[in-house]
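K.L.:
Got a structure for you, written out below as structure tokens; questions coming shortly.
The values are calculated or read from the model by the stated rules, or taken from the named source; none is laboratory data. As the structure is a prediction and not an experimental result, all values here were calculated from the model. Quick reminder, even Gly has a Cβ in these numbers, built from the backbone with ideal geometry, and neighbours come from all protein chains shown. When the accessible area is computed, the model is the full protein with side chains, heavy atoms only, and any ligands, DNA or RNA have been set aside. Shrake-Rupley method; radii C 1.70, N 1.55, O 1.52, S 1.80 Å.
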Amino acid sequence: MMRILSVASECVPFIKTGGLADVAGALPLALAPLDIEMRTLLPGYPQVLAAIGDSGKTVLDVGNLFGGSARVIEAEAAGLKLYVFDAPHLFEREGGPYLDAQKRDWPDNPERFAGLSQIAAMIGAGKVENWRPDTLHLHDWQAALTPVYLQAEKSKNKPATVLTIHNIAFQGIIDAGLLGRLGLPESGFTKDGFEYYGKISALKAGIVFSDRVSTVSPTYATELLSAEFGMGLEGVLRERSTDFSGILNGIDLDAWSPPYKTARGKEKYKKHLLSETGLPSRDGPLFVVVSRLSDQKGLDTLLEALAAIFPHGGQIALLGSGDPDLERSWRAAGEVNPDISVRIGYDEDYAKRLITGGDAILVPSRFEPCGLTQLYGLRYGTIPVVAMTGGLADTIIPANPAGLARGVATGLQVYPNTTDAWARALERTCLLFKQKDEWRRLQKNAMQQPVGWDVSAAAYRSLYKSIGNPR
Ligand code: ADP
């Protein structure tokens, strides 16, 4: 039995801001049948403490850490075996895991997540009783200082380390003045270590010092080696390129399970959706979008290209929230055009109704490490029309002439990611929609595509096994 400690700053079903939480929540359950015991170290946010109630027991007393007492509680909740890093002065507060109510970073984020990494290293060094991991699986910058702290631990059988990058945009840049306070060694503060233009980069520490580095799709792994996508870390990643790979995320097949066996069953849900959104009945496809409204997601490009769908009876329903300018421009478009429905907000039930009743789902991201909504689209026979980048490129078999001729296509891919290319792709989708046999074939192929966690779990197992001699 292999033992892995997953170290994450968010985890479904307790606390979530992005795809990292889905991975952290799903992977332990998917690995269990493969004879891997994964436990999860999480910060003691109020949501996590509420979930474990009084069920936990203290397994490590850390004493004073950054101005308050800290301990590790072992507990079980939602089918997951947890170690909770309980430090009320760091984590028991209202607001998000990283931001306060005004959407500003918590000023003590460096201490909060350096603390998480220190605890991970302690567990890795065997400081909790009865359980010692073979490997530490670290997620994103919040856990990425762990290998540095692990080096300082005096322990013989140190565990191996794997860092997974869920989004290179978040790097954990910390003022160099905090070096001493965070207990980081001066010797590591070099260009070959975790120094980054005069500051500390937590993510760089993880990339340089972990035994393996992964990200959440093979294409994103390749893209990250380029200046266009690497956000300054492409050179560091290139140094590690032989130890760097991409493993796709899966989705929760129980939570995302269509209420029909074949896509013919969609009809009634489309009708419901049209009446819910107030969109008129037309003979073209109903496009849907479920997305954060941020620059990454390319929804400005989509809006510029959208005129292409209306001559073909196309319609669109968008759910999203985020950037105020994007919210405003989509809202304005919805107000003047009866075939555009816009709902600003975060609403999982409505997201599900959109994906159930829609004909096609649009994902025009500028970059997309893995992406989940195109996977929901596949499972529901809601044809994904996606930018050819990151995980979007890896999960859709494009309806190009070869894909159509072989009858294997599952969606449409758009390249380059420009307004013109999107206008043409949207028009093509409308025309394909009217070729009923072709469209049904796409839907059938899409719904047969494996999108659960099985394949990914096996790939992570191979990754853990590939580390022969940890450094
Ligand atoms: P990212 O993590 O960059 O936001 P992903 O596609 O990996 O992109 O994951 C987004 C997740 O958040 C999906 O589960 C999606 O359904 C959900 N989501 C995004 N925006 C909304 C929204 N406005 N309402 C409901 N769910 C949303």
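K.L.:
Would you please list the contacts, defined by Cβ atoms under 7 Å and residues six or more apart or on different chains, that run from a residue in region 177-201 that is under 15 Å from residue 66 (Cβ atoms) to a residue that is part of a loop (DSSP other than H, G, I, E, B)?
P.N.:
179/189
K.L.:
Same structure, new question: Filter region 35-68 for residues that are more than 23 Å from the chain's Cα centre (by Cα) and of a type in the set (Phe, Trp, Tyr) and give the result.
P.N.:
Scanning region 35-68 gives a single hit, 66.
K.L.:
So which helices (runs of 4 or more DSSP H) are wholly in region 11-120 and hold at least 1 residues that are aliphatic (A, V, I, L, M) and either within 30 Å of residue 458 (Cα to Cα) or not assigned by TED's automatic domain parsing to the domain that holds residue 182 (or both)?
P.N.:
Values: elements: 19-31, 46-52, 88-91.
Passing ranges, in order: 19-31, 46-52.
K.L.:
So which of 281, 275 is away from the ligand (no atom under 16 Å from the Cβ), without any contact (Cβ under 8 Å) to a residue 40 or more places away in the chain, outside any helix (DSSP H, G or I) and of a type in the set (S, T, N, Q)?
P.N.:
Testing whether each residue is away from the ligand (no atom under 16 Å from the Cβ), without any contact (Cβ under 8 Å) to a residue 40 or more places away in the chain, outside any helix (DSSP H, G or I) and of a type in the set (S, T, N, Q) leaves just 281.
K.L.:
Could you check how many residues of region 284-295 are small (Gly, Ala, Ser) and either surrounded by fewer than 18 Cβ atoms within 10 Å (Cβ to Cβ) or within 16 Å of the ligand (Cβ to nearest atom) (or both)?
P.N.:
Summing the residues that are small (Gly, Ala, Ser) and either surrounded by fewer than 18 Cβ atoms within 10 Å (Cβ to Cβ) or within 16 Å of the ligand (Cβ to nearest atom) (or both) in region 284-295 gives 2.
K.L.:
Taking residue 9 and the conditions (1) more than 16 Å from the ligand (Cβ to nearest atom); (2) touching a residue at least 40 places away in the same chain (Cβ under 8 Å), which numbered condition does it fall short on, given that it satisfies the others?
P.N.:
(1)
K.L.:
When residue 77 is evaluated against the numbered criteria (1) surrounded by 14 or more Cβ atoms within 10 Å (Cβ to Cβ); (2) closer than 18 Å to residue 46 by Cβ; (3) touching a strand residue (DSSP E or B) at 6+ places or on another chain (Cβ under 7 Å), which criterion, by number, is the only one it fails?
P.N.:
(3)
K.L.:
Cβ contacts < 7 Å: first residue within 14 Å of residue 291 (Cα to Cα) and of a type in the set (S, T, N, Q), restricted to region 365-385; second residue assigned to a helix (DSSP H, G or I) and more than 10 Å from the ligand (Cβ to nearest atom), any location; separation 6+ or different chain. Result?
P.N.:
Close Cβ pairs satisfying both conditions: 374/395.
K.L.:
Looking only at region 17-26, decide whether some residue is away from the ligand (no atom under 16 Å from the Cβ) and in contact (Cβ under 8 Å) with a residue 24 or more places away in the chain.
P.N.:
Within region 17-26, the subset away from the ligand (no atom under 16 Å from the Cβ) is none.
There is no residue in region 17-26 that is away from the ligand (no atom under 16 Å from the Cβ) and in contact (Cβ under 8 Å) with a residue 24 or more places away in the chain.
K.L.:
Got at least one residue in region 127-141 being among the basic types (Lys, Arg), at pLDDT 95 or above and not in a loop (DSSP other than H, G, I, E, B)? Spell out how you get there, then give the answer.
P.N.:
Filtering region 127-141 for residues among the basic types (Lys, Arg) gives 127, 132.
Right, trim to at pLDDT 95 or above and you get 127, 132.
Remaining after also requiring not in a loop (DSSP other than H, G, I, E, B): none.
The answer is no; no qualifying residue exists.
K.L.:
Filter region 296-325 down to the residues that are within 16 Å of the ligand (Cβ to nearest atom) and buried (at least 21 other Cβ atoms within 10 Å of the Cβ) and list them by number.
P.N.:
Result: 297, 298, 299, 302, 316, 317, 318, 319, 320.
K.L.:
With region 326-439 as the region, which strands (runs of 3 or more DSSP E) entirely inside it contain at least 2 residues that are surrounded by 20 or more Cβ atoms within 10 Å (Cβ to Cβ) and within 16 Å of the ligand (Cβ to nearest atom)? Give the derivation first.
P.N.:
Details: elements: 340-344, 360-363, 383-387, 412-414.
By residue number, 340-344, 360-363, 383-387.
K.L.:
Okay, moving on. Find all pairs meeting these conditions: Cβ atoms under 8 angstrom apart; at least six residues apart or on different chains; first residue within region 346-357 and under 22 Å from residue 446 (Cα atoms); second residue among the polar types (S, T, N, Q) and open to solvent by 10 Å² or more (accessible area, probe 1.4 Å).
P.N.:
355/373
K.L.:
Now for a separate question. Which members of region 225-252 meet the condition of being open to solvent by 30 Å² or more (accessible area, probe 1.4 Å), modelled with pLDDT of 95 or more and either among the hydroxyl-bearing types (Ser, Thr, Tyr) or in a loop (DSSP other than H, G, I, E, B) (or both)?
P.N.:
Residues satisfying the conditions are 225, 226, 231, 232, 241, 242, 245, 248.
K.L.:
Ok, one more. Looking at region 284-308 only, could you name the residues that are in a loop (DSSP other than H, G, I, E, B) and more than 18 Å from residue 429 (Cβ to Cβ)? Steps first, please.
P.N.:
First pass over region 284-308, keeping only residues in a loop (DSSP other than H, G, I, E, B): 284-285, 294, 298.
Correct list: 294 only.
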